[in-house]
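Working notes for the structure below.
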Amino acid sequence: MTKVKPDMKKIVVCSDCTREQARLTGKLAGTYDDVTGCGFSRLTELVSQAQSAVLVKSSVLVISWARADAELRHMVSQAGCLGWPLVVMIRQLEPQDIQRLPGPNGYVLLPGDSATALSVWVERAWQVRQAQCQLKKELVTLSRRLEERRLIEQAKGLLMKLHGLDESEAYKLLRNAAMQQSLSLGQIAKNLMISLNR
């Protein structure tokens with residue numbers, strides 16, 4: 001098996017069992033050059049060291065835990081805040097464990113005895129997190145566009161009311177102002193609303 005470029009991913013393996021941590025670290029070291037093992041208390045220290053943008057964006061967290069307890073929920077939340085791809089292996093996985101973990105499901109969850117190569121799940125976690133990040137970006141863009149649309153509609157309404165214009169005339173006025181000032185239609189509407197509401 002070929003190793004992944006060392007600058008591609010830093011793998012952090014965290015487990016509540018030292019033997020399991022060593023086993024998983026060994027398995028992943030066959031594929032990845034930068035694999036670090038730790039327990040729960042050391043993970044916080046590693047996370048603070050990884051706050052540089054490069055490490056945060058290239059790190060993957062693999063957690064092997066006996067049950068879905070408070071510590072595991074904390075680590076899942078922390079990985080979500082950092083935007084780290086995350087593989088969660090629960091050795092005693094019960095159906096209700098899925099509901100105990102934080103959502104949305106931005107991580108890969110599997111039983112601790114999964115026969116599939118762990119590197120496959122690491123790559124899948126990477127894909128899941130990238131897809132989630134893309135969805136968040138799209139949501140931010142859509143929210144911004146909806147806000148701009150709302151401002152444009154309000155600005156048109158004000159222009160119609162103040163100047164006795166119809167809707168198409170008010171829109172043309174906004175559009176012409178945007179072209180003349182080299183600003184977006186949303187920015188013109190926002191500026192208009194600010195100046196009229198003073």
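Computed values, structure above
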item: Among the residues listed as 175, 124, the single one being surrounded by 11 or more Cβ atoms within 10 Å (Cβ to Cβ), of a type outside the set (S, T, N, Q), under 18 Å from residue 79 (Cβ atoms) and under 36 Å from the mean Cα position of the chain (by Cα); result: 124
item: Residue satisfying condition, being at pLDDT below 85 and polar (S, T, N, Q), within set 64, 58, 119; result: 58
item: Matching residues, the range 96-113, being out of contact with any strand residue (DSSP E or B) (no Cβ under 8 Å at 6 or more places or on another chain), under 16 Å from residue 69 (Cβ atoms) and assigned to a loop (DSSP other than H, G, I, E, B); result: 96, 102
item: Some residue of the range 143-150 being assigned to a helix (DSSP H, G or I) and within 30 Å of residue 14 (Cβ to Cβ); result: no
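The values are calculated or read from the model by the stated rules, or taken from the named source; none is laboratory data. Quantities reported herein were computed from a predicted structural model and do not represent experimental measurements. For neighbour counting, all protein chains shown are included, and Cβ atoms are generated from backbone atoms with ideal geometry for every residue, glycine included.
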